Every structure is written in structure tokens, then in C-alpha cells.
DNA sequence: TTGTACGCGTTATCAA
DNA sequence: TTGATAACGCGTACAA
């Protein structure tokens with residue numbers, strides 16, 4: 001509350017000009033050892049702290065990047081991406097301003113508005129709620145980077161090759177002898193209103209499931225494909241996966257393997273299996289996606305990991321490149337990969353299954 | 001990159017002074033309908049955005065509060081608290097600047113340093129890494145609020161009454177007929193170096209366990225009390241609970257109920273039980289603490305919930321009260337409460353147990 | 001080697 | 001009803 005000391009005050013105490021104080025502060029230019037000592041003493045005794053607001057106003061550079069995320073509480077994925085971005089930003093002397101839009105385009109708009117007023121040097125979208133918000137920033141000439149999903153091709157993005165890891169998962173199932181493989185996943189048509197760009201994530205995962213089936217010589221069974229939302233913001237997470245799995249178990253020929261395209265869905269799948277008194281992977285194998293909840297589930301979930309922190313780190317780097325005017329910032333694509341843990345095992349033999357029944 | 005329009009420019013275009021523009025911007029004072037229209041037109045065509053940096057410098061009020069958290073990725077608890085604080089801050093026109101210290105006092109120090117330079121109006125600590133950082137801010141006359149744990153009595157805090165919910169959990173176990181109840185929890189002596197204030201959380205939970213035992217007429221069994229860290233920042237979460245539960249199961253008389261004082265520990269407990277081929281709650285009942293992972297585990301975990309978002313909200317309110325100079329900001333204490341789901345059931349009868357063995 | 005002085009964009013006081 | 005003008009705290013070009 002008592003106002004902090006200013007540079008002017010330090011100068012007055014040391015009996016020099018602000019320019020000289022600034023020289024010792026920045027460590028540039030010539031300063032006699034004598035005056036330097038006096039100034040340093042003054043800085044110490046007054047506990048002087050530079051005012052970042054004034055500096056940023058003067059330099060026209062806020063050293064801040066805004067990071068819009070869906071909702072840090074809805075999916076640990078976002079927390080990890082945010083942390084990756086924060087870490088690398090800090091190293092470059094930047095701070096990140098985090099903002100949760102919680103799925104609301106209106107709220108996102110307000111957040112962006114404040115980012116602009118705050119004169120952030122760039123904005124990261126770890127999934128924009130609305131494409132309009134992204135394009136608005138582009139029009140304002142503010143560097144933008146889209147992480148995980150791109151809403152427009154007019155700004156660079158760092159996305160994940162979802163297919164590579166998903167195909168690995170499918171191959172794993174098939175190698176283990178599974179022939180009745182179900183999918184519990186996000187519906188490209190429902191997620192983000194089926195936007196042609198945003199749905200790429202779901203298209204890739206779903207595509208890999210189907211391609212994996214074909215590659216294994218298995219035919220596609222519509223009853224084994226359960227598509228919907230990942231989770232709803234209102235109710236608790238997991239319910240979607242649970243519901244899908246219940247339906248699958250109630251079907252004529254339940255699958256022996258389930259590929260859930262999100263760990264939160266996988267958690268629900270495990271709950272339904274548990275409730276049915278079945279064991280994983282003895283009766284049914286499960287593979288998830290993301291590697292968020294995976295390590296905490298029982299059994300420890302085999303899952304397709306996304307490089308979450310790296311997404312954040314690369315996102316920041318792309319932003320920095322634009323801030324510094326580097327020519328043509330390109331988009332980046334990172335791989336996903338299968339992490340084998342304990343939820344995927346050999347298909348139960350007919351005898352095993354009979355014994356258990 | 002092209003610099004944004006300034007108020008001066010708007011004034012020039014509208015052919016008035018900055019003072020007049022400011023009047024219409026703020027909606028105060030007298031402005032003729034005619035000039036108002038001209039000014040509004042100028043604002044619209046130039047897409048003018050006020051510069052928050054300049055405003056804050058001038059007003060000596062950053063409308064920003066810093067929020068130091070342990071690590072938003074280590075425990076979803078922190079993400080929820082952060083979100084609660086952000087939500088209510090936004091409503092009051094404040095923004096929050098989030099900072100993860102990741103358990104490092106040194107990193108926390110740097111974060112604080114930047115908060116000060118940024119002239120944040122207050123700082124929230126959702127668990128400080130070092131008491132020194134809290135006291136430093138107090139000396140700088142910057143309002144501080146401690147959330148979940150207090151490192152010093154010299155600043156207000158919003159904490160949780162851990163005992164009330166924990167006792168409820170113990171009573172629940174006892175009502176269900178359990179007599180062999182184990183604890184898997186944080187060790188007051190290890191957590192935060194056994195600091196007398198910081199360990200209050202663990203003291204309360206552990207105390208409630210013992211008190212609950214006594215209240216149920218049960219004797220305390222040292223073999224049933226497994227204390228340690230919650231999780232380590234390096235390796236994956238959950239391992240601690242898993243290890244503890246393995247030991248418990250290997251003992252002579254395994255417990256029929258386990259109270260884990262953190263959902264992450266509970267997740268590990270469930271993993272060990274699952275691996276042993278036992279069922280929850282049929283063979284063993286489990287209750288967790290926090291209500292973070294709970295909803296996603298199998299079976300859905302009965303747990304003692306902390307009002308996480310409310311912790312954040314109240315934390316901000318306490319900070320705001322200090323900023324506005326309200327007399328004597330008091331500390332606040334919120335209740336915890338048992339949330340019954342599917343992981344706690346009646347103690348298995350001797351016959352049931354024999355049949356299953 | 002050191003100092004002067006202006007500008008960054010707002011807010012707000014005081015005159016007109 | 002409107003306008004000049006002085007801060008806010010820092011950085012820096014230029015002068016001394």
C-alpha cells in the first residue's frame with residue numbers, strides 16, 4: 001500500500017540522475033566504481049523494485065503472452081499444456097496469462113478483449129471456443145498460435161498426429177489376438193459442431209480405428225462404434241464412457257477390446273467393466289488416449305500418449321518466433337505414441353471365457 | 001504489431017481533447033450529444049482499445065492478483081482452487097496471474113519477485129513453498145491470503161476443517177461394521193518438514209482417524225497406520241498409495257477398510273486391491289479425500305470432499321477485502337464433508353470372506 | 001563518465 | 001460543456 005520506491009527516488013538518494021541509475025541497473029555503459037557503489041547501496045536500502053508497468057508502457061512490449069484454454073479443470077490435458085508453455089515462457093523472460101473460457105465463446109471473447117487491453121505480445125489458444133476470436137486477433141495484428149486444434153489456417157498451429165499412436169494401439173490389440181474391437185470415442189460430427197478443421201482430431205482417431213481394423217483383416221461393425229461427446233461441462237466426467245460400455249456389454253457379442261479415444265472416456269469404460277464383475281485385461285482389454293488419468297486408474301491404463309507439455313512449449317516457441325518477426329512461422333506436428341501398461345492383454349481363449357462365465 | 005490507436009488519436013480525429021474522449025469513455029460528466037456522437041464514431045472506426053498498462057500506471061492499481069500454486073499438474077485440487085479464484089476475480093474486474101512453483105522455494109521466490117514488479121494488488125498462496133516468501137510480501141505491504149494451508153499467522157487464511165469430514169468417514173466405516181480400519185495418509189512429520197502450522201492438515205486428518213477409532217470403541221493398531229508423502233513430483237502419482245496397500249495386504253490381518261487421506265493415494269490403494277484380485281467394496285472398503293480423482297475411479301470413490309472452488313473464491317474475497325482496506329480481514333474456515341459413492345460397503349462376513357478365499 | 005529531457009497512453013484537476 | 005496540462009515510472013537519445 002505504501003508506494004514502492006521509484007527509480008527517481010533512488011537517483012535522488014544516491015545523488016545522481018536516473019539515467020545513471022538505469023545504467024547500473026542494466027549493467028551497460030560506463031559508471032565509475034564510486035558512484036556505482038553509492039547507487040547499489042541506495043537500491044539495497046530502499047528495496048527498490050522496478051515497475052514493470054512503466055517499463056512495458058515505455059518499451060511497448062508487455063513480455064506477456066495470453067493463453068486461452070478450454071477449462072483447466074475439465075481435463076488435466078489443459079493443465080499440462082499450460083504448464084509446458086509457462087515453463088518455456090519463463091525461461092525467455094515472458095509470463096503467461098492464463099484464461100479459461102469453459103466452453104463459452106462469449107466468455108472467451110471477454111478474455112481476448114482483456115488480453116488486447118493488456119497488450120499481450122501474443123496469444124496461445126489451446127482450443128479456441130470460437131474461430132471468430134482467433135481471426136479477430138489476427139486482424140488486430142496480434143500473433144496467434146493454435147495448440148492441439150486449429151480453427152483457421154491463417155495462423156500457425158502445433159497439433160498432434162493422432163493417427164500414428166492410434167494405429168499403434170490397434171496393431172497392439174490385433175497382435176494380442178483381439179478380433180472384436182470396439183471404439184468409444186468423440187464424434188467428429190458433434191465435437192465443435194463438426195467444424196471441418198476442428199474435427200481433425202476426431203477424424204484422425206476414428207480413421208485410425210477403421211484403418212487398423214482393415215489392416216488387421218477385420219470387418220467394421222457399426223455396433224462396435226460408439227461415438228458421442230467426451231464429457232459434459234455440467235455433470236461429472238466419465239459418464240459418457242460408462243454409458244457406452246454398458247451398452248456394449250449388453251450387446252449380443254460384447255467386444256474383447258475397447259479403444260477409448262480419451263482417458264476420461266476410458267475411465268468410464270473401466271467403471272462399467274468393473275461393475276459387470278469382469279476383469280481387465282483378462283476379460284476385456286482397454287486402451288485410452290491422452291495419458292492423463294491413465295497412471296491413476298486400476299489397472300494402470302495402456303494409452304496413447306500425447307506430448308502435452310511439449311505442445312505448450314512448442315506453442316510458445318511459435319509465438320515467440322512471430323513476436324520477433326521471424327520469417328514465416330510454420331506449423332508443427334508432434335507424434336503420439338502408445339504407452340504400454342496393464343490394461344491390454346491377450347484375447348481370452350474360448351475356454352477361459354467359458355470358465356469365467 | 002502496428003501500434004494500436006491511442007486515445008489521443010481518437011481525440012484528434014473527433015476534433016476534441018482527450019479529456020472529452022475520456023468523459024464519454026467513462027460515461028461521466030457532461031458531453032453534448034453532438035460531440036459524443038463524433039467521438040463514438042471515431043472510437044468505432046479506429047477500433048480503439050484502451051491501454052491497460054497506461055491506465056494501471058496512472059491509477060496505481062493493476063487490478064491483478066497473483067496466485068501462487070504448488071503445481072497445477074500434480075494434483076487437480078490446485079486447478080480447481082485456481083478456477084474458483086479466477087471466476088470470482090473476473091466478476092470484480094480483476095484478473096489472476098497464475099504461477100506454479102512446482103515445489104521449489106527458489107522458483108517461488110522468482111515468481112513473487114515478478115508479481116511485485118508487476119505491481120499485483122494482492123497475492124494468493126495456495127500453499128506456499130516457503131514461509132519466507134509469504135513474510136516477504138507482508139513486509140512489502142502487499143496483501144496476502146493463504147489458501148488451504150497457512151505458513152504464518154500474520155496473514156489471513158482460508159482453510160478447511162479436515163476433521164469434520166474425516167470423522168464422518170470413520171463413522172461411516174464403523175456403521176458399516178468395519179473393525180479393522182487402516183489409514184494411508186500424509187505424514188505430518190514429513191509433509192512440509194513437519195512445520196507446526198503447515199502440518200495442520202495432516203494432523204487433523206490423522207487425528208480424526210484415531211479419534212474415529214476410539215469413538216467406535218476400536219483400538220489403535222500401529223500396523224494399520226501407513227504414513228508417508230502424498231506423491232513425488234518426479235515419478236508418476238499413485239505409487240505411494242499402491243505401495244502402502246501392498247504392504248497392508250501382505251500383513252497378517254489385512255484391514256477390511258482403508259481411509260486414504262488423498263484421492264491420489266486412494267487411486268494407488270485401489271490399484272493394489274485390484275491387482276490382488278479383490279473387489280471393492282465387497283472385500284475391502286475404501287474412502288478417499290479431496291474429491292478430485294474420485295468420480296473417475298472404479299468403483300466411483302466414496303471420499304471426503306473439500307470445497308475446492310470455494311477455497312479459491314473465498315481466498316480472492318479475503319484479498320479484495322484487504323485491497324479495499326476493510327478492517328481486520330479475518331481468516332475463514334470451510335467444512336469438508338463425506339460424499340458417498342460406491343467404494344464403501346458393509347464389512348464382509350466371515351463366511352463371505354471364506355467363500356471368496 | 002554523467003545529466004537533461006522527452007515520450008509511452010491514461011487519468012484527473014483546474015480553468016475557461 | 002470543453003480543453004490544457006500535469007502526473008504515473010521508466011528508457012533513451014543527446015548533450016555536456
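Computed quantities for the displayed model
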| item | result |
| --- | --- |
| Most mobile of A:318, A:53, A:167 in a GNM of chain A (Cα contacts under 10 Å) | A:53 |
| Per-residue average of Cβ from other chains inside 10 Å of A:51-63 | 5 |
| Sorted by Cβ density within 10 Å, fewest first, the residues B:333, A:131, B:205 | B:333, A:131, B:205 |
| Bins of 5 Å from zero: percent of alpha-carbon pairs in region B:129-287 | 2, 9, 17, 19, 18, 13, 9, 6, 4, 2, 1, 0 |
| Copy-to-copy label separations for residue A:337, where each label sits 7 Å from Cα toward Cβ, in nm and ascending | 4.7 |
| Antiparallel content of DSSP bridges confined to the protein assembly as shown, in %, to 5 | 10 |
| Contact order normalised by residue count of region B:198-357, Cα under 8 Å, 6+ apart, percent | 19 |
| Length-normalised contact order of chain A in % [C-alpha pairs under 8 Å, at least 6 apart] | 17 |
| Which of A:331, A:219 has the fewest Cβ neighbours within 10 Å, and the rest in rising order | A:219, A:331 |
| Extension gain from residue B:175 to residue B:229, taking 0.36 nm per residue of separation minus the Cα-Cα distance | 16.5 nm |
| Most fluctuating residue given options A:328, A:314, A:148, as computed from a GNM of chain A linking Cα atoms under 10 Å | A:328 |
| A:245, B:308 arranged by Cβ crowding within 10 Å, fewest neighbours leading | B:308, A:245 |
| Largest-first principal axis extents of the Cα set of region A:7-50 (Å) | 23, 19, 15 |
| Average other protein chain Cβ within 10 Å of Cβ, residues A:273-285 | 2 |
| Sorted peptide list for A:96-108, B:190-202, criterion being average Cβ within 10 angstrom, highest first | A:96-108, B:190-202 |
| For residue A:276, label point 7 Å along C-beta direction: distances to other copies, nm | 2.7 |
| Extended-chain gain in nm, criterion 0.36 nm per residue less alpha-carbon gap, residue B:161 and residue B:328 | 57.9 nm |
| For residue B:154, label point 7 Å along C-beta direction: distances to other copies, nm | 5.3 |
| Efficiency of FRET from Cβ geometry, residue B:250 and residue B:210, R₀ 25 Å, rounded to 0.05 | 0.60 |
| Förster radius 51 Å - calculated FRET efficiency between residue B:17 and residue B:197, Cβ distance, rounded to 0.05 | 0.35 |
| At 0.692 mPa s and 37 °C, Stokes diffusion of the protein assembly as shown via Kirkwood alpha-carbon radius, µm² per second | 118 |
| From the C-alpha gyration tensor of chain A, square roots of 5λ in Å | 53, 21, 17 |
| Relative contact order (%) - criterion: Cα under 8 Å, at least six apart; region: region A:7-50 | 42 |
| Residue among B:47, B:95, B:210 with the largest mean-square fluctuation in a Gaussian network model of chain B, springs linking Cα atoms under 10 Å | B:47 |
| Helical contribution to [θ] at 222 nm, DSSP H n ≥ 4, -39,500 (n - 2.57), averaged over the protein assembly as shown, rounded to 500 | -13500 deg cm²/dmol |
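All of the numbers you see were taken from the coordinates with simple rules; none came from a lab. Because the structure is predicted, anything quoted here is derived from the model rather than measured. Quick reminder, even Gly has a Cβ in these numbers, built from the backbone with ideal geometry, and neighbours come from all protein chains shown.
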